[in-house]
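Trainee: I'd like to ask you about the structure that follows.
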Amino acid sequence: MLTGKVAVVTGGNQGIGRAIAQALAQADASVALSARTVDSLERAAREIQSLGVDCLGVPCDVRDPSSTDAMAGEVLEHFGHVDVVIANAGIAGAIRPMHEITYEEWQDCLITDLDGVYLTFRRFIAPMIKAGRGGSLIAVSSMTGKRPLPERTPYSAAKMGVIGLVRSLALELGPYNIRVNSVCPGAVAGQRLDRIVRQSAQARGITEAEAMRQFSDPSALKRPTAAEEVGAACVFLASEASSGITGEDMNVSAGLVMY
């Protein structure tokens, strides 16, 4: 489905990013991974290479313009061009009432989750336009960007911002046949959700089992989303099967959000 395509995934060393990278490789794309943690990045790159595709792991902090510039330069030097950029790197941010969240915590979440998307996309746009191959930019937003949760104000604000960025950029890049979309996962099963559940339970004074039910029970399918389901959505948005789709925020939330 993606033979001959080159895809970049930030935060590709674990969780959703790792699942996205694996799905891209299974669709026969060459993959570049970036992450801050070198050891896990190298392990993830070896896993992708074992699937029989070219994979490059590049250390990068998406909060740092010089780091994203260096990462993009290394990717373009290695592959020659890029067709798909998936801005996935992010953090959950502080989970407390807003008046208890420090300005430093607020900034950390907004810079990572919103500025990181801007910095990642920004560096690849000009080379993609120059190459004239079209392409696909995909941001990992969240259902929280559409259906905010209490005590998640930094994260909700950042993910709502991502959706706005995507819609505006889709209008800018449409004439170049570069499509821009976001995926909005629900509560995704894994270590990150487990950590959020623990923090939420502590903040609300409830058990972890009760906190988990608050994440999963409102969904139509009564379960968390699987990271592999987010990966499948990204492959679709990266492929010609979605050639008429741009400026959209695709829910992958087990029916938790339907708008």
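The values are calculated or read from the model by the stated rules, or taken from the named source; none is laboratory data. Quantities reported herein were computed from a predicted structural model and do not represent experimental measurements. Neighbour counts run over all protein chains shown; Cβ positions are idealised from the backbone, glycine included.
Trainee: Considering every residue within the stretch 237-250, establish whether at least one is in contact (Cβ under 8 Å) with a residue 12 or more places away in the chain and within 18 Å of residue 148 (Cα to Cα).
Mentor: yes
Trainee: Right, next: So, in the stretch 11-22, exactly how many residues are among the small types (Gly, Ala, Ser) and surrounded by fewer than 24 Cβ atoms within 10 Å (Cβ to Cβ)?
Mentor: Count: 2.
Trainee: Residue 4 versus (1) crowded, with 21+ Cβ neighbours inside 10 Å; (2) more than 19 Å from the chain's Cα centre (by Cα); (3) at positive phi: which is the lone unmet condition?
Mentor: (1)
Trainee: For residues that are in a helix (DSSP H, G or I) and of a type in the set (Val, Ile, Thr), tally how many sit in the stretch 2-38.
Mentor: Total meeting the criteria: 3.
Trainee: Any residue in the stretch 198-220 that's at pLDDT 85 or above: show its pairings with residues that are surrounded by fewer than 15 Cβ atoms within 10 Å (Cβ to Cβ) and assigned to a loop (DSSP other than H, G, I, E, B) at Cβ separation under 8 Å, as long as the two are six or more apart or on different chains.
Mentor: 201/207; 219/255; 220/255; 220/258
Trainee: While we're looking at this one, here's another question. Can you tell me which condition residue 181 does not meet? The list is (1) within 26 Å of residue 241 (Cα to Cα); (2) surrounded by fewer than 19 Cβ atoms within 10 Å (Cβ to Cβ), and all the others hold.
Mentor: (2)
Trainee: Also, quick follow-up: Answer yes or no: is there a residue in the stretch 68-82 that is under 27 Å from residue 195 (Cα atoms), touching a residue at least 12 places away in the same chain (Cβ under 8 Å), surrounded by 15 or more Cβ atoms within 10 Å (Cβ to Cβ) and touching a helix residue (DSSP H, G or I) at 6+ places or on another chain (Cβ under 9 Å).
Mentor: no
Trainee: Within the stretch 171-209, can you find the residues that are part of a strand (DSSP E or B) and in contact with a Pro (Cβ under 7 Å, 6 or more places away or on another chain)?
Mentor: Once the filter is applied, which keeps residues that are part of a strand (DSSP E or B) and in contact with a Pro (Cβ under 7 Å, 6 or more places away or on another chain), the stretch 171-209 yields only 188.
Trainee: Moving on to the next point. Out of (1) of a type in the set (A, V, I, L, M, F, W, C); (2) under 13 Å from the mean Cα position of the chain (by Cα); (3) buried (at least 23 other Cβ atoms within 10 Å of the Cβ), the odd one out for residue 128 is which?
Mentor: For residue 128, the exception is condition (2).
Trainee: Something else: Got at least one residue in the stretch 210-217 being touching a Ser or Thr at 6+ places or on another chain (Cβ under 9 Å) and in a loop (DSSP other than H, G, I, E, B)?
Mentor: Scanning the stretch 210-217 turns up no residue that is touching a Ser or Thr at 6+ places or on another chain (Cβ under 9 Å) and in a loop (DSSP other than H, G, I, E, B).
Trainee: Another question, if that's okay. Looking only at the stretch 1-55, count how many residues are among the β-branched types (Val, Ile, Thr) and either over 17 Å from residue 139 (Cβ atoms) or in contact with a Pro (Cβ under 8 Å, 6 or more places away or on another chain) (or both).
Mentor: Result for the stretch 1-55: 8.
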